[in-house]
């Protein structure tokens, strides 16, 4: 069983990448935000993997952190939820956002993911509630304000400006954690300042 890969990313496609390890190229499926990150890496990357063997072949799914890997494995443990849907969920939500949606039983937010209908969203809530750990941000317990049109609009604006989805989400989340009353323009301005300091 392959648990991790350490190598160079040779090629990135729409939903996967090839990681070369000691002359062997491994095809690894990842979420879109993770693919955006590894596509910019010129040095070695470490990818945590989920190895799936089925009658029609063997597939590797990759993650940039053990937490992301664990959340994915919890997601696909839900009846009727396959790996590609699991990656789509990870591409749409951070771990904290997913925990918040599950905790709040927010089926509407979960169905915003392609491939997740109402029945699947209900199963996700039923089977994962209380199983994804505590909601944390930078090591501290926080209240995550997920359903916020201003934050969603701000993330969309940052993506339109060329920032990767995951970076845009993280920047907006960090600003909202300090002040949840900001308007969309204020969020975008502060998020740009945050991103510029990195």
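Read-outs: derived from the displayed coordinates by stated rules, not from any lab. Note that this is a predicted model, so its numbers are computed, not measured. FYI the Cβ positions are ideal-geometry reconstructions off the backbone, even for glycines, and counts take in every protein chain you see.
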Problem - Spin-label model distance (nm) - residue 178 vs residue 105, 7 Å beyond Cα toward Cβ - result: 3.6
Completion exercise
note: the chain, Cα-Cα separations exceeding 26 Å make up a percent value of 37
Problem - Pairs of alpha carbons in the stretch 4-63 whose separation is greater than 12 Å (percent) - result: 63
Practice task
Determine the calculated [θ] at 222 nm for the chain from helices alone, applying -39500 (n - 2.57) to every DSSP H run no shorter than 4 residues and normalising by the residue count; nearest 500 deg cm²/dmol.
Solution key: -13500 deg cm²/dmol
Exercise for the section: Please order 181, 46, 166 by the number of other Cβ within 10 Å, starting at the fewest. Expected result: 181, 46, 166
Handout entry: Rotationally averaged projected area of the stretch 67-136 (alpha carbon convex hull; nm²)
Key = 3.8
Fill in the blank from the handout: the chain, Gaussian network, Cα under 10 Å: of 156, 179, 56, the residue fluctuating most is 56
Fill in the blank from the handout: For the chain, longest principal axis from Cα atoms; helix 184-196 axis from its Cα atoms; angle between them, nearest 10 degrees, is 50
Practice task
Pairs of Cα atoms under 8 Å, at least six residues apart: use those to get the relative contact order of the stretch 148-196, whole percent.
Solution key: 46
Practice task
Compute the long axis of helix 118-128 from its Cα atoms, compare it with the longest principal axis of the Cα atoms of the chain, and write down the angle in degrees, 0 to 90, nearest 10.
Solution key: 80
Handout entry: Whole-number percent relative contact order across the stretch 45-132, with pairs defined as alpha carbons under 8 Å at least 6 apart
Key = 24
Completion exercise
Taking Cα atoms, the helix 66-76 axis meets the longest principal axis of the chain at an angle in degrees (rounded to 10) of 90
Handout entry: Fully extended contour minus Cα-Cα distance, from residue 114 to residue 70, at 0.36 nm per residue
Key = 13.7 nm
Exercise for the section: With springs connecting C-alpha atoms under 10 Å apart, model the chain as a Gaussian network and identify which of 44, 53, 30 has the largest mean-square fluctuation. Expected result: 53
Completion exercise
Note on the chain: contact order normalised by length, alpha-carbon pairs under 8 Å, 6 or more apart, percent, works out to 14
Practice task
Take the alpha-carbon centre of the stretch 1-50, take the same for the stretch 53-109, and report the distance between them in whole Å.
Solution key: 18
